[in-house]
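Shown next, in structure tokens, is the structure this report addresses.
The values are calculated or read from the model by the stated rules, or taken from the named source; none is laboratory data. Just so you know, these numbers come straight off a predicted model, no measurement behind them. For neighbour counting, all protein chains shown are included, and Cβ atoms are generated from backbone atoms with ideal geometry for every residue, glycine included. Quick note on the areas: whole protein, heavy atoms, side chains included, nothing else; ligands and nucleic acids left out. Shrake-Rupley method; radii C 1.70, N 1.55, O 1.52, S 1.80 Å.
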Amino acid sequence: MIPFTHFMLVGAILFCIGLYAVLTKRNAIQILIGIEFMINAAIINFVAAGQYDKDRMGGQLFALFAIVMAAAAVAVALAIILKVYQHYKTIDPDKIDQLRN
Amino acid sequence: MTELVFYIFAFLVLLSALLAVTVSGLVRSIFLFFATLFSAAGLYVFALADFIAITQVIVYVGGVLVLMLFAFMLSDKDVLNTLQKMQQKVFGMQHIAALLVAVAFLVVLVTVITKTDAEIPGWMQVSPEKFVQPEDNTANLIGVQVMTRYLLPFELVSVFLMMALVGAAHIARKEPRS
């Protein structure tokens, strides 16, 4: 059996890679990819803890719920990105600085 | 032997995630993201969560990746051009600051994880017979729990997903010219 700590370490490194992507990228789609990395780091921890809980399967169930949430978030975020692109002709978050047109 | 395969998958996850963040070009980054998700599904198998691994492949690769490629193709060539221009000026001040923040956060997380010394966490150690065994049918266990203990979150999450998809379709539609 793989030690729980190693799953957590992989999750921690993946989370920090996602954090770096969110902080540096100039493209909304790549920022979205960074957010997905962070969500996946959380799912790795959920799943790794879930293997010790056969009675309730809490970890695996909530990993499933987190995957569904991530899919919904991606759908809404991409719709917003497309709309922003139609309006501003760019998806660089630094250049989008108005709430009203 | 199985440990070795686990570490190969973990290495693949981290390598493809790093490349997806550093490589220039949006399409390459999207496909490396796909590689990361696939190897993360491999990690889930080692945590005895085969059903979650299959769901990850279906939802992320079948849904999210295709959505991202659509969004990329519906936006223009300019997106790629601006991206290439950004890559010209390597390592500005912003990159160094972001790198510092990420590394500092990593140090904090790793310190906490090593300090807790959670080889198997204490609250789990009370009953080793409750661990999931490799020969268990996890799809069956998950199905029973979904229909009993977690019925309310399951229904909530399905309604939430439908709301989000309807909302996304509403946002992305073309507005009628008035």
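What about A:Asn40, is it open to solvent by less than 10 Å² (accessible area, probe 1.4 Å), within 18 Å of the chain's Cα centre (by Cα), closer than 30 Å to B:Ile96 by Cα and in contact (Cβ under 8 Å) with a residue 12 or more places away in the chain? Spell out the reasoning first.
Details: open to solvent by less than 10 Å² (accessible area, probe 1.4 Å): yes; within 18 Å of the chain's Cα centre (by Cα): yes; closer than 30 Å to B:Ile96 by Cα: yes; in contact (Cβ under 8 Å) with a residue 12 or more places away in the chain: yes.
So A:Asn40 passes the test.
Please work out which residue is nearest to the chain's Cα centre (by Cα), limiting yourself to the stretch B:26-70 and to residues that are polar (S, T, N, Q) and over 17 Å from B:Ile142 (Cα atoms).
B:Thr36
Out of the residues in the stretch A:7-46 that are in contact with an Asp or Glu (Cβ under 9 Å, 6 or more places away or on another chain) and more than 7 Å from chain B (Cβ to nearest Cβ), which is nearest to B:Tyr7 (Cα to Cα)? Walk me through it before giving the result.
Quick first cut of the stretch A:7-46, residues in contact with an Asp or Glu (Cβ under 9 Å, 6 or more places away or on another chain) only: A:18, A:26-28.
Filter once more, so that each one left must be more than 7 Å from chain B (Cβ to nearest Cβ): A:18, A:28.
Working: A:Gly18: 20, A:Ala28: 32 Å.
For the stretch A:7-46, the residue satisfying everything is A:Gly18.
Can you tell me which residue within the stretch A:47-101, out of those that are hydroxyl-bearing (Ser, Thr, Tyr) and assigned to a helix (DSSP H, G or I), is farthest from the other protein chains (Cβ to nearest Cβ)? Give the derivation first.
Going residue by residue through the stretch A:47-101, those that are hydroxyl-bearing (Ser, Thr, Tyr) are A:52, A:85, A:88, A:90.
Now narrow it down to the ones that are assigned to a helix (DSSP H, G or I): A:85, A:88.
Details: A:Tyr85: 5, A:Tyr88: 11 Å.
Taking the candidates together, the pick is A:Tyr88.
Criterion first (without any contact (Cβ under 8 Å) to a residue 24 or more places away in the chain, closer than 27 Å to B:Ile58 by Cβ and open to solvent by less than 50 Å² (accessible area, probe 1.4 Å)) does A:Val68 satisfy it?
On the way: without any contact (Cβ under 8 Å) to a residue 24 or more places away in the chain: yes; closer than 27 Å to B:Ile58 by Cβ: yes; open to solvent by less than 50 Å² (accessible area, probe 1.4 Å): yes.
Yes: the conditions hold for A:Val68.
Taking only pairs six or more apart or across chains, which ones have beta-carbon atoms under 7 Å, a first residue in the stretch B:130-154 that is within 9 Å of chain A (Cβ to nearest Cβ), and a second residue that is part of a helix (DSSP H, G or I) and of a type in the set (D, E, K, R)?
Close Cβ pairs satisfying both conditions: B:Thr138/B:Asp50.
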